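S.K.: One structure coming up, written as structure tokens, with questions to follow.
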Amino acid sequence: MVAGVENSRKRRRDSVLKTPDEEFVPELPNLKLSVPDLLKEFLNHDHHKVVQEQQLIPLPRTPSVSTILADYMEVTLANTDADADEVEAVVDGLKL
């Protein structure tokens with residue numbers, strides 16, 4: 001064989017498409033949210049407890065979220081002049 005001829009086959013080009021094993025993840029747009037300082041403090045505290053100290057709360061807990069929201073609705077309607085339909089709409093939105 002002549003030198004350099006034994007590998008005369010052309011190399012197959014690497015595919016620019018992802019293999020079927022790789023999942024396509026679209027690039028998400030950057031969102032800028034204004035977060036109140038008090039909420040930032042809570043989120044930082046929670047992040048520290050969960051990620052760095054690995055403290056998670058076992059679920060289900062007592063009281064449940066549904067119970068807390070029902071109590072909130074009851075207290076809000078009893079102690080303020082808030083519209084019942086509006087309070088119910090807020091609570092229903094939080095349940096989603």
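S.K.: Between a first residue in region 41-55 that is of a type in the set (Gly, Ala, Ser) and a second residue that is modelled with pLDDT of 90 or more and surrounded by 10 or more Cβ atoms within 10 Å (Cβ to Cβ), which pairs have beta carbons less than 6 Å apart while being 6 or more apart in sequence or on different chains?
M.R.: Listed pairs, sorted by first residue: none to list.
S.K.: Also: Please tell me if Pro36 is exposed (fewer than 10 other Cβ atoms within 10 Å of the Cβ), within 20 Å of the chain's Cα centre (by Cα) and modelled with pLDDT under 90.
M.R.: Numbers: exposed (fewer than 10 other Cβ atoms within 10 Å of the Cβ): yes; within 20 Å of the chain's Cα centre (by Cα): yes; modelled with pLDDT under 90: no.
When the stated conditions are applied, Pro36 does not pass them.
S.K.: Among the residues of region 74-96, what is the count of those that are surrounded by 10 or more Cβ atoms within 10 Å (Cβ to Cβ) and more than 17 Å from Ser64 (Cα to Cα)?
M.R.: Residues in region 74-96 being surrounded by 10 or more Cβ atoms within 10 Å (Cβ to Cβ) and more than 17 Å from Ser64 (Cα to Cα): 10 in total.
The values are calculated or read from the model by the stated rules, or taken from the named source; none is laboratory data. Keep in mind that this is a model prediction, so the values were computed, not measured. Reconstructed Cβ throughout: ideal geometry from the backbone, glycine too, with neighbour counts over all protein chains shown.
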